[in-house]
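Step one of this worksheet: look at the structure below.
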Amino acid sequence: MSHKTLIVEGLSVEFAGQNVVRNLSFTLEPGKTLALVGESGSGKSVTARSLIGLAGEGAQVRARRLQYGDLDLLALSDRQWRRVRGKDIGFVLQDALVSLDPLRPVGKEILEVLQTHGWGDRASRAARVLQLLERVGVPEPALRARQRSGELSGGLRQRALIASALALDPGLVIADEPTTALDATVQAQILGVLQAIKAQGSSLLIISHDLAVVAQLADEVLVLQHGEVVEQGSMHQVLTAPRHPYTRSLLDAVPAEHERGTRLSPGQPAATLARAPRLDQPVLLHARGLGKRYVGPDQQVRQVVDGVDFELRAGQTLGIVGESGSGKTTVARMALGLLETDDGQVRFLDQPWNGSADARVAEIQRRALRRDISVIYQDPLSSFDPRWSVGQILADALDVAGIAVPDQAPRIRHLLQQVRLPAELATRRPLQLSGGQRQRVAIARAIASNPKVIVCDEPVSALDVSVQAQVLDLLADLQAELGLAYLFISHDLGVIRHVSDEVLVMRHGQVVEHAPVEQLFESPQHPYTQRLLGAVPRLPSAGVALQVPPLEPENAVLLFDESRLWKIAI
Amino acid sequence: MSDLILESPALPLRTQRRPRRIRLGASLAIGFLTLVIVAALAPQLFAHGDPLAIVPRDAFHPPGWAHWFGTDQSGRDIYSRVIHGARLSLFVGLAATALAMSIAIVLGLLGGLGGLRTDRGVGWLLEILFAFPSLVLALLFVAIFGSGIGPLIIATGLGAAPGYARMVRGQVLAVRNAGYIEAARALGHPTRRIIWRQLLPNAMRPLIVTLTMGVGQAIVWASALSFLGLGARPPTPEWGTMLSMGRDFIANAWWLTFFPGLFIVLTTLSTTVAGRYLQQRLEGRLT
């Protein structure tokens with residue numbers, strides 16, 4: 001392994017006259033880890049890409065100095081770049097699902113890197129592939145190497161991707177959002193892998209939107225905003241004594257660090273108070289013994305949801321937390337009456353709402369109650385008809401609520417105001433909005449019919465931290481203003497802790513723990529909850545070190561892809 | 001409430017769109033189609049002559065100043081006939097495509113939304129229709145209803161329907177699983193409203209281009225049927241029929257077949273090129 005220093009001085013990247021990155025400078029010493037932190041559009045990915053000569057078409061990369069060891073990264077030709085990539089600088093791409101060829105076994109993918117650079121002979125390359133997979137903690141590497149990316153879980157895909165970046169022992173590894181979109185325990189495992197790489201002496205450049213994630217790894221941090229460095233310093237200094245207000249707002253936006261009822265985004269004062277579950281409120285949504293089974297392509301019956309009970313009371317928030325495949329979305333769909341149960345029943349406002357066999361409820365019976373329950377999805381864009389403008393989307397929801405067309409325009413303005421969006425947005429299409437604005441539109445649609453219950457299925461998982469903070473604050477405000485009850489589903493324990501009064505922890509379709517939020521987080525009873533809590537990346541100031549949970553066999557393979565199954569079932 | 005929005009701006013809005021270059025081919029195609037459509041709506045704008053007027057002493061005039069496209073065996077002006085024929089050819093093409101699409105929507109919705117059994121039944125029906133040569137199918141129709149414009153449209157429409165039906169079915173299957181369909185269900189919209197207001201329009205969107213090209217295809221088919229004597233009856237000015245009539249004189253008077261044939265080719269070509277262009281334009285905007 002080479003030990004070289006990466007020197008970046010005055011890096012600027014321009015796209016057609018637009019400055020995406022301005023005057024960025026840093027030095028990465030061998031064996032050290034540097035984190036580039038910022039939100040979408042801050043220029044962090046472009047920076048990383050320009051370090052491997054892939055800034056993108058039409059990009060103008062300029063710098064006073066861009067040097068890795070004795071390589072001048074500004075003067076390399078395409079051919080020379082190809083020799084550098086992989087060999088000197090390894091790159092871990094953001095999305096393991098799309099970055100791996102779905103038609104090729106992952107072993108082949110790693111082998112290709114070795115072949116391209118003419119590493120070793122045939123036999124030693126094969127051995128090297130297995131060795132690499134083992135190094136990144138892939139169990140049974142010989143078996144996994146022959147599997148395609150679609151057959152592997154998200155965590156294993158990410159490991160395979162890291163293995164291919166490590167194939168030639170590059171002295172510098174650049175990882176672009178290596179844990180985004182992974183479950184907490186899997187994220188912790190990937191961070192463990194990166195820690196091991198660091199321990200073996202490679203330099204690491206990590207890009208993330210989440211300060212808590214990089215806090216475990218980085219020696220130094222660069223905080224980027226709108227393409228400019230707003231803060232640069234040692235990890236410890238940035239975390240304990242942030243100098244720039246933006247850094248502070250990023251730290252404040254981490255929901256896990258903040259109690260219920262506190263504001264996550266700067267600006268307005270708190271509208272809500274911390275509360276405990278209140279049993280004096282009427283039960284709105286009541287589920288008993290919910291169960292759902294699917295027959296997989298191999299004719300095997302899988303119990304996706306098994307014996308789930310809950311009660312959602314007016315004005316309360318019930319959090320459901322679990323990792324992908326735990327069945328939480330299936331529970332949400334049964335609670336919404338969009339998916340028929342196989343066992344058990346749901347009652348809504350004391351009416352039969354969902355059930356199976358004798359207790360089956362027809363959609364016609366549900367329709368009268370539909371306006372009292374609504375839903376917010378993780379990906380708002382796909383939940384909007386692509387032909388419609390924001391105004392049309394809201395008008396469509398008002399139609400159901402029985403608002404006559406002439407009264408709709410003022411209502412639309414009011415709804416937009418309620419979700420803190422300017423009224424002009426009504427004429428725009430969702431495609432032209434930012435992620436946070438889209439989710440606000442989805443929230444406006446959800447409250448259009450004055451519902452009593454909103455089912456929130458991972459509503460903030462796809463958003464940047466600061467935007468996430470604003471959306472969570474908005475949901476809290478609306479709850480206080482309108483007395484809404486939320487069934488809040490998330491894989492993010494921090495978010496769940498921040499919003500919930502009561503929490504259900506789900507695993508393999510079953511509820512493993514059900515407790516008031518403080519009790520759950522202060523003294524988790526079930527070992528799975530304890531493990532889940534341990535895996536949450538927290539800021540080191542909280543005094544908790546990251547516990548890397550062991551890789552469980554069920555985390556290794558994708559047992560089933562829930563979303564794919566219920567789509568077939570419609 | 002203030003309109004305070006502290007959102008980090010998304011990636012810089014890409015304002016630099018590529019300059020809209022209408023390529024030569026596309027503009028020619030669209031121009032030609034416009035002419036054909038005008039000719040169909042108001043043929044007297046282009047041709048003052050009567051397409052049916054018989055002037056025996058002017059028979060077999062080669063193209064010249066008096067008769068741009070020449071005259072046929074009865075002395076009728078081919079230019080007038082071609083221009084007046086545009087209406088019928090275009091009408092047959094549009095009507096046949098509309099018929100094909102209507103059948104396709106019904107079958108596609110049945111297949112895409114019905115149960116497993118209905119879907120299988122529709123699948124079988126489509127396969128049978130596919131396996132049946134459209135020409136034989138058309139002959140069957142003509143045998144039953146006699147030749148004429150009506151059977152011509154039905155035969156052409158039926159021949160094109162299975163292809164569209166497959167596309168509609170596939171689109172319906174894709175769109176029914178879209179997030180916005182579930183969102184509409186969650187809002188409490190009745191199923192019928194979801195199908196008409198969201199499912200069908202969204203499913204049909206990518207088919208618009210196919211339809212444009214399909215009109216050209218239908219014109220060729222209809223002309224072929226007319227050529228075989230199964231469509232419009234002479235002396236009706238219809239391009240396929242004109243081809244058929246001119247066939248007997250092809251050795252001595254090439255213009256009898258050349259000009260109607262040219263218009264069939266150019267019209268079809270134009271719809272295809274214009275359809276492609278439309279596709280490229282729409283693809284940039286959709287998704």
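At a glance:
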{"quantity": "The stretch B:122-183 versus the stretch A:145-206: alpha-carbon centroid distance in Å", "calculated": "51"}
{"quantity": "Two-site label geometry, B:R281 and A:Q18: point separation in nm, points 7 Å out along Cα→Cβ", "calculated": "2.5"}
{"quantity": "Evaluated at q = 0.07, 0.08, 0.09 Å⁻¹: base-10 log I(q)/I(0), Debye formula over Cα of the protein assembly as shown", "calculated": "-0.70, -0.87, -1.02"}
{"quantity": "Shielding of A:382-392 by partner chains, average beta-carbon count, 10 Å", "calculated": "4"}
{"quantity": "Around A:Q365: net Lys/Arg minus Asp/Glu count, Cβ-Cβ under 15 Å", "calculated": "+2"}
{"quantity": "Calculated FRET efficiency for the pair B:T191/B:I37, C-beta based, R₀ 41 Å, to 0.05", "calculated": "0.60"}
{"quantity": "Exposure proxy order (Cβ contacts within 10 Å, fewest to most) of A:R85, A:R387", "calculated": "A:R387, A:R85"}
{"quantity": "Pairwise label distance in nanometres, A:Q525 with A:V301, each label 7 Å out on the Cα-Cβ vector", "calculated": "3.0"}
{"quantity": "Three-way shape call for chain B based on the alpha-carbon gyration tensor, with the a/c threshold at 1.5", "calculated": "oblate"}
{"quantity": "Cβ-based exposure ranking for A:K292, A:K452, in which fewest neighbours within 10 Å come first", "calculated": "A:K452, A:K292"}
{"quantity": "Extended-chain gain in nm, criterion 0.36 nm per residue less alpha-carbon gap, B:Q44 and B:R23", "calculated": "4.5 nm"}
{"quantity": "For peptides B:259-267, A:244-252, sequence by mean Cβ density within 10 Å, most packed first", "calculated": "B:259-267, A:244-252"}
{"quantity": "Hull-based mean projected area of the stretch A:6-254, where the convex hull spans the alpha carbons, in square nanometres", "calculated": "13.1"}
{"quantity": "Value of [θ]222 nm, deg cm²/dmol, for chain A, DSSP H segments ≥ 4, -39500 (n - 2.57) each, nearest 500", "calculated": "-9500 deg cm²/dmol"}
{"quantity": "Sites B:L116 and B:R233 - FRET efficiency at Förster radius 51 Å, r taken between beta-carbons, to 0.05", "calculated": "0.65"}
{"quantity": "The stretch A:301-333 and the stretch A:1-49: distance between their alpha carbon centers, rounded to Å", "calculated": "42"}
{"quantity": "Estimated vicinal HN-Hα couplings, Hz - the stretch A:301-314 in sequence order (Karplus 6.51, -1.76, 1.60; Gly, Pro = x)", "calculated": "7, 10, 8, 7, 10, 9, x, 8, 10, 6, 10, 10, 9, 4"}
{"quantity": "Segment A:Q195-A:L76, extension gain: residue separation times 0.36 nm, minus the distance between their alpha carbons", "calculated": "39.8 nm"}
{"quantity": "Average beta-carbon neighbours from other chains, 10 Å sphere, peptide A:430-437", "calculated": "3"}
{"quantity": "Förster radius 22 Å - calculated FRET efficiency between A:E29 and A:Q115, Cβ distance, rounded to 0.05", "calculated": "0.10"}
{"quantity": "Separation of the A:D280 and A:A314 label points, Cα + 7 Å toward Cβ, nm", "calculated": "1.3"}
{"quantity": "Alpha carbon centroid spacing (whole Å) that separates the stretch A:231-250 from the stretch A:342-407", "calculated": "44"}
{"quantity": "Karplus (6.51, -1.76, 1.60) ³J(HN,Hα), θ = phi - 60°, over the stretch A:27-40, in Hz, Gly and Pro reported as x", "calculated": "10, 10, 6, x, x, 9, 10, 10, 10, 9, 10, x, 8, 4"}
{"quantity": "Vicinal HN-Hα couplings computed from phi for the stretch B:243-254 (Karplus, 6.51 cos²θ - 1.76 cosθ + 1.60; Hz; Gly/Pro x)", "calculated": "4, 4, 5, x, 4, 5, 10, 4, 6, 9, 10, 4"}
{"quantity": "Backbone N within the stretch B:66-85 under 13 Å of label point (7 Å from B:D248 Cα along the Cβ vector)", "calculated": "B:73-75"}
{"quantity": "Amide H partners (placed H, <5 Å) of A:E513, local residues excluded", "calculated": "A:V505"}
{"quantity": "Residue-averaged beta-carbon neighbours from other chains (10 angstrom radius) around A:37-45", "calculated": "2"}
{"quantity": "Net charge of neighbours whose Cβ lies under 13 Å from the Cβ of B:L52, counting Lys and Arg as +1 and Asp and Glu as -1", "calculated": "-1"}
{"quantity": "Antiparallel bridge percentage (DSSP; both residues within the protein assembly as shown; nearest 5)", "calculated": "55"}
{"quantity": "Under 18 Å between alpha carbons - lysine pairs in the protein assembly as shown that sit 8 or more apart or on different chains", "calculated": "9"}
{"quantity": "For the stretch A:295-355: rounded, prolate or oblate by the Cα gyration tensor [a/c cutoff 1.5]", "calculated": "oblate"}
{"quantity": "By average C-beta atoms within 10 angstrom, highest first, the peptides B:49-56, B:71-78", "calculated": "B:71-78, B:49-56"}
{"quantity": "For A:V21, residues with placed amide H under 5 Å, excluding near neighbours", "calculated": "A:V13"}
{"quantity": "Under 5 Å, built H, 5+ apart or other chain: amide partners of A:R313", "calculated": "A:L284"}
{"quantity": "Cβ-based exposure ranking for B:V273, A:V186, in which fewest neighbours within 10 Å come first", "calculated": "B:V273, A:V186"}
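Just so you know, all these numbers are worked out from the coordinates, no wet-lab data involved. Quick caveat, the model's predicted, so the values are computed rather than measured. Please note: Cβ atoms are built from the backbone with ideal geometry, for glycine as well, and neighbour counts cover all protein chains shown.
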